[in-house]
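Remarks on the structure that follows.
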Amino acid sequence: MNVKNLLIALLGSTAGVTAYGLVFIVLLLAGFGLPLPEDIPLVMGGVLVHRGQADLWVMIITGYLGIIIGDSIMFWLGRRFGSNPNAVPRLLRRVVTAERRAWVEGLFHKHGEKLVLAARFLPGVRTVTYFTAGSVGMHYPKFALYDSLAALASAPLFVVLGYKFGADI
């Protein structure tokens, strides 16, 4: 069984506080580069709402907070370790490579904070983008604003999709 199917089976068998906690933790791990799109735990959260195992608004808020907190941790790790590539925690070195950071830094110089907004919708680029945002000295309030705008679009959308189409998923 692959990670995606295991996650779907695990999420599908939870309810209430356990469901919210699991969705939150998976979103945090996705923020750290877990090779899993964030839409899977968000859609599964919506499916749980459809089944009556969770509340819609609590799941949307849980998804939003999981995204924002995970992204913020990556931002602060970038702020702390970004200037010294050798200091990047070993767990992140596979995701936050020197090549990816150089590429994203170039995009930052070209597009600025719009990149933070767009990265939410580009799986595989999010983690390194948020890490790099911290390392290039982006001000946290500006980062949080753009990241929040993107998360306010994606978290409710995917949870509601899971809720509306829960019988078909």
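The values are calculated or read from the model by the stated rules, or taken from the named source; none is laboratory data. The model shown is predicted, which means the values in this text are computed figures rather than measured ones. Backbone-built Cβ (ideal geometry, glycine too); neighbour counts: all protein chains shown. Ligands, DNA and RNA are excluded from the accessible area calculation, which covers all protein heavy atoms including side chains. Shrake-Rupley method; radii C 1.70, N 1.55, O 1.52, S 1.80 Å.
For the structure I just gave you, tell me whether GLU99 is without any contact (Cβ under 8 Å) to a residue 12 or more places away in the chain and either of a type in the set (Asp, Glu) or open to solvent by less than 20 Å² (accessible area, probe 1.4 Å) (or both).
yes
Report yes if GLY45 is modelled with pLDDT of 85 or more and under 21 Å from ALA119 (Cβ atoms), otherwise no.
No.
Give me a count of the residues in the range 113-123 that are free of Cβ contacts under 8 Å to residues at least 60 places away in the same chain and open to solvent by 20 Å² or more (accessible area, probe 1.4 Å).
So the count comes out to 6.
If I ask for residues that are surrounded by fewer than 19 Cβ atoms within 10 Å (Cβ to Cβ) and under 13 Å from the mean Cα position of the chain (by Cα), which ones from the range 150-169 would you list?
Listed by number, the residues that qualify are LEU152, ALA153, SER154.
Got a sec? Which of GLY52, GLY33 is in a loop (DSSP other than H, G, I, E, B), at pLDDT below 80 and either touching a Gly at 6+ places or on another chain (Cβ under 6 Å) or of a type outside the set (Asp, Glu) (or both)?
Testing whether each residue is in a loop (DSSP other than H, G, I, E, B), at pLDDT below 80 and either touching a Gly at 6+ places or on another chain (Cβ under 6 Å) or of a type outside the set (Asp, Glu) (or both) leaves just GLY33.
Is there a residue being on the phi < 0 side of the Ramachandran plot, in contact with a Leu (Cβ under 7 Å, 6 or more places away or on another chain), assigned to a helix (DSSP H, G or I) and at pLDDT 90 or above anywhere in the range 70-89?
yes
Suppose we keep only residues that are β-branched (Val, Ile, Thr) and within 18 Å of MET138 (Cβ to Cβ) within the range 53-72. Which one would you say is least open to solvent (accessible area, probe 1.4 Å)?
ILE67
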